[in-house]
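To start, the structure itself, in C-alpha cells.
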Amino acid sequence: MSRSVPLIRTAGLGLLVSLLGACSGDVVRSLASDAGYGPRTVAAPDFVAESRSKAQPDFMPVGVDAPKRPVRAKSVTGQKALEAELESARGRNEVRGRAAASAGQGAAATIKPAPAPPQ
C-alpha cells in the first residue's frame, strides 16, 4: 500500500501537468474564446487600417539570409590609410579647438560685465 501512494501521486501530477500544458495550444484558446471565456477579437479602427500600407512590408522574413553587401570590406592597407586620415583630422580639430579657446580667453578679458539692473 505504501508503494502505490507515491505511484498514484506521480501519475496524478503527470496528468495535471499534461492538462495544463494542453491549455496553451491554439485549439484550446480558440474554443475558449468561441465559448466567451477568452479575449474577443477587436477590429482595428478605421484610421489604423487606413494608415497601414497595403504593400508587402520591407522587413526581412525570419529564416532568410541577408543579401550580400555590394561593398567589400577594406583591405589592411585601406584600413591603415583610413586610420591615418582620421588621426590627421582629429589633430586638425584639436588645433582648431585650442585656437578657438585661446581666442575666446583673449576676447573675454576685454569684455566688461553688464551692470546689474536697478531693483
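Pairs are defined by a Cβ separation below 6 Å, a sequence spacing of at least 6 or placement on different chains, a first member in the range 69-95 that is aliphatic (A, V, I, L, M), and a second member that is at pLDDT below 95; no pair meets this definition.
Summed over the range 52-80, the residues that are part of a loop (DSSP other than H, G, I, E, B), polar (S, T, N, Q) and at pLDDT 85 or above give a count of 1. Residues in the range 34-51 that are of a type in the set (A, V, I, L, M, F, W, C) and not in a helix (DSSP H, G or I): 35, 42, 43, 44. Determine whether residue 108 is of a type in the set (Gly, Ala, Ser), part of a helix (DSSP H, G or I) and surrounded by 10 or more Cβ atoms within 10 Å (Cβ to Cβ). No.
Of the listed requirements (1) exposed (fewer than 10 other Cβ atoms within 10 Å of the Cβ); (2) in a helix (DSSP H, G or I); (3) at pLDDT below 85, residue 31 misses just one: (1).
The values are calculated or read from the model by the stated rules, or taken from the named source; none is laboratory data. The structure displayed is predicted, hence computed values, not measured ones. Ideal geometry is used to build each Cβ from the backbone, glycine not excepted, and the neighbour counts take in all protein chains shown.
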